[in-house]
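The values are calculated or read from the model by the stated rules, or taken from the named source; none is laboratory data. Just so you know, these numbers come straight off a predicted model, no measurement behind them. Heads up, the Cβs are rebuilt from the backbone with ideal geometry, glycines too, and the neighbour counts pull from every protein chain shown. Accessible surface areas use protein heavy atoms only, side chains included; no ligands, DNA or RNA. Shrake-Rupley method; radii C 1.70, N 1.55, O 1.52, S 1.80 Å.
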Amino acid sequence: PMRLTDEHLRTVVTVARQAALALESRQFQDAMVRAERFAAMGQTITVLSHHIKNILQGVRGGSYLIRMGLEQHKDELIHQGWGIVERNQTRIYDLVMDMLSFSKDRVPSLQLADLNKVVGEVAELTAARAAECGVALEFRRGEEVPIALFDAEGIHRAVLNIVNNAIDAVEEISRGAVVIQTGYD
């Protein structure tokens, strides 16, 4: 019969330590993957919540105009408010469709569009919220801005996000103001 020597024992202990380290490393890696997934989910929820909040603020602004139009018997306010509500219904639909195709990277939809029109819609959507917050909102339309090839919905989302953040930033300031300006260089 073969006897186990101290050398055999050291070899077995070394292999056992390596196995324990590999197991511990795998458990640590699994925990890191879970933590990264939770962080990614948190970031996704934050981004989606921000987009949804912006769209809902647009709907609120449109509803506010409709209510004012009904109270003051002004059809032009009702039509303006309804246009805002309809555009935001389209945006929420687009957002849901983006969420459904989340597994694919969003490819910018490049089309000839009018930047002044896109940014003007953002100014119109955020005007009621700015007024409710006591923030002066001004849109300075660039006169020489040509029709250009860009992703109008992507630019709309980006500018809407920036304007809403600007309104949030100056909401507590006396005589807070936000200026939106387009131009062409």
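General remarks:
- Yes/no for Gly61 being at pLDDT 85 or above, open to solvent by less than 60 Å² (accessible area, probe 1.4 Å) and among the small types (Gly, Ala, Ser): yes
- Residue check for Val47: open to solvent by 40 Å² or more (accessible area, probe 1.4 Å), out of contact with any Asp or Glu (no Cβ under 7 Å at 6 or more places or on another chain) and either free of Cβ contacts under 8 Å to residues at least 24 places away in the same chain or polar (S, T, N, Q) (or both): yes
Here's the yes/no breakdown for (1) of a type in the set (S, T, N, Q); (2) open to solvent by 70 Å² or more (accessible area, probe 1.4 Å); (3) outside any helix (DSSP H, G or I):
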{"residue": "Leu4", "(1), (2), (3)": "no, yes, yes"}
{"residue": "Thr14", "(1), (2), (3)": "yes, yes, no"}
{"residue": "Ser25", "(1), (2), (3)": "yes, no, no"}
{"residue": "Asp30", "(1), (2), (3)": "no, no, no"}
{"residue": "Arg37", "(1), (2), (3)": "no, yes, no"}
{"residue": "Gln57", "(1), (2), (3)": "yes, no, no"}
{"residue": "Leu77", "(1), (2), (3)": "no, no, no"}
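- Single unsatisfied condition, Gly83 versus (1) open to solvent by 70 Å² or more (accessible area, probe 1.4 Å); (2) touching a residue at least 12 places away in the same chain (Cβ under 8 Å); (3) over 20 Å from His50 (Cβ atoms): (1)
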